[in-house]
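Inspection log for the structure reproduced underneath, given as structure tokens.
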Amino acid sequence: AAAGAASPLQSGGATGFGSGVSAPGNQPGGSLLQTIRAAAPLATYAFSADDGAWTLGSNAQGSRSIANGQLLVQLAATDTFIWSLSNQPLGDFYLEVDTTHQSGAVDNFFGVIFRLQDAANFYLAAVSSDGQVTLGKFVDDSYTALERWTPSPALNTGRGSRNRLGLLALGDQLVLLA
């Protein structure tokens, strides 16, 4: 699903879910998103080579690599959580990332870690290949859902599904478009 026709998931301030698919101007943060999307991005990544911008390599949880214009994150086992970090510092931001389920169970999740302080303290915006979205945070390695896993009719589902995840973070306002 294109981010312009997505279901919004919002946290902070006035928390709530969007109902169904709506135009960006009608979503939380909608006019601001239109303005942001109209401007040239501050950074883009083609993933054409390892330029040192992302954490790559393997460990017991899995591997992170760049191949065929993609950042690939592969898990070594079920119930594993692994990430690749960008060296791009972000404060308030709007980010879009395309996700593709390549193999494994569709009862999974992948997305964006942001406002990372350390491995035990960060926020997570995620989608699953079975059509759900969530927004949460880890504090001292304990997870709290800001918005529980919720079905999104805007998501493509199943093996090989591809989705665009958009995230607007302005202060305590968080809007997830999936």
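The values are calculated or read from the model by the stated rules, or taken from the named source; none is laboratory data. The structure presented is a predicted model; accordingly, all values stated were derived computationally and were not measured. Heads up, the Cβs are rebuilt from the backbone with ideal geometry, glycines too, and the neighbour counts pull from every protein chain shown. Surface areas here come from the heavy atoms of the whole protein model, side chains and all, with no ligands, DNA or RNA. Shrake-Rupley method; radii C 1.70, N 1.55, O 1.52, S 1.80 Å.
Amide H to amide H under 5 Å from G62: which residues, 5+ apart in sequence or cross-chain, H placed 1.01 Å off N in plane?
A76
Add +1 for every Lys or Arg and -1 for every Asp or Glu among the other residues with Cβ under 13 Å from the Cβ of A105, and state the total.
Neighbourhood net charge equals -2.
So between N156 and L56, what do we pick up on full extension, going 0.36 nm a residue minus the alpha carbon distance?
Additional length available on full extension: 33.3 nm.
For segment 19-158, report the accessible area per residue in Å² (1.4 Å probe, heavy atoms, rounded to an integer).
59 Å²
What is the percent carbon and sulfur in the accessible area of segment 29-157, measuring with a 1.4 Å probe over the protein chains and ignoring ligands?
With neighbouring chains kept in place, the figure for segment 29-157 is 50 percent.
To the nearest 10 square angstrom, what accessible area does S103 show with a 1.4 Å probe?
90 Å²
Along segment 69-74, what does the Karplus equation 6.51 cos²θ - 1.76 cosθ + 1.60 (θ = phi - 60°) give for ³J(HN,Hα), rounded to whole Hz, x for Gly and Pro?
x, 9, 8, 9, 10, 10
Points 7 angstrom from Cα along the Cβ direction at S65 and Y45: gap in nanometres?
Each label point lies 7 Å from its Cα, and together they span 1.7 nm.
Please turn the phi angles of segment 51-64 into ³J(HN,Hα) values with the Karplus equation 6.51 cos²θ - 1.76 cosθ + 1.60 (θ = phi - 60°), one per residue in order, whole Hz, x for glycine and proline.
Along segment 51-64, the couplings run 9, x, 7, 10, 6, 10, x, 10, 8, 5, 7, x, 9, 10 Hz.
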